[in-house]
Structures are given as structure tokens and as C-alpha cells.
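Colleague: If you scroll down you'll find the structure; I have some questions about it.
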């Protein structure tokens, strides 16, 4: 619970400061990675880390591709 609250605090700080969406994405990705190591199942842990390792440029490209 404490890590969730601190994560939300960091994300709120990023959104209230003068930053770009890329900065916010990078912070959100880095905040989520440490939580992956606590997953007991190796496959779930690897999937979690993989989902947190996508670069902003790759994310933006995928988002644009899926946009109607």
C-alpha cells in the first residue's frame, strides 16, 4: 500500500510540474518496475518487466498505429 501511495505521489508531482508526456511516461515506467520483482511467478515477472521496458517512442508509435 505504501508503494502505491508513493507511486501516485511521484506521478502527481510529475503531472503538476512543467514536463512533457514523455517525461511522465518514463517516470510511470520506472516507478512500476520495482513492483515486478515481487511477483512470485517467473512468467508474470518477465511479462511485467517487458511491459515496463517499452520506450516512449515505441509506445507512441504503437499508440498512433492503433488510433482510428
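The values are calculated or read from the model by the stated rules, or taken from the named source; none is laboratory data. On a predicted model such as this, the values are computed, not experimentally measured, just so you know. Cβ placement follows ideal geometry from the backbone for every residue including glycine, while neighbour counts extend to all protein chains displayed.
Colleague: Pairs, please: C-beta under 7 Å, at least 6 apart or cross-chain, first residue without any contact (Cβ under 8 Å) to a residue 60 or more places away in the chain and in the stretch 36-51, second surrounded by fewer than 12 Cβ atoms within 10 Å (Cβ to Cβ)?
Modeller: Pairs that qualify, where the first residue is without any contact (Cβ under 8 Å) to a residue 60 or more places away in the chain and the partner is surrounded by fewer than 12 Cβ atoms within 10 Å (Cβ to Cβ), are 45/37.
Colleague: So, one more: In the stretch 41-58, what residues are surrounded by fewer than 12 Cβ atoms within 10 Å (Cβ to Cβ), part of a helix (DSSP H, G or I) and at pLDDT 90 or above? Lay out the reasoning, then the answer.
Modeller: Just the residues of the stretch 41-58 that are surrounded by fewer than 12 Cβ atoms within 10 Å (Cβ to Cβ), to begin with: 41-44, 50, 53, 57-58.
Add one more test, that the residue is part of a helix (DSSP H, G or I), and what stays is 42-44, 50, 57-58.
Result: 42, 43, 44, 57, 58.
Colleague: Separate question: Need the failing condition index for residue 4 against (1) surrounded by 11 or more Cβ atoms within 10 Å (Cβ to Cβ); (2) assigned to a helix (DSSP H, G or I); (3) modelled with pLDDT under 85, just the number.
Modeller: So the condition that residue 4 fails would be (1).
Colleague: Take the residues in the stretch 11-21 that are surrounded by 13 or more Cβ atoms within 10 Å (Cβ to Cβ) and modelled with pLDDT of 65 or more, then tell me which one is nearest to residue 46 (Cα to Cα).
Modeller: Applying the filter and picking the extreme gives 11.
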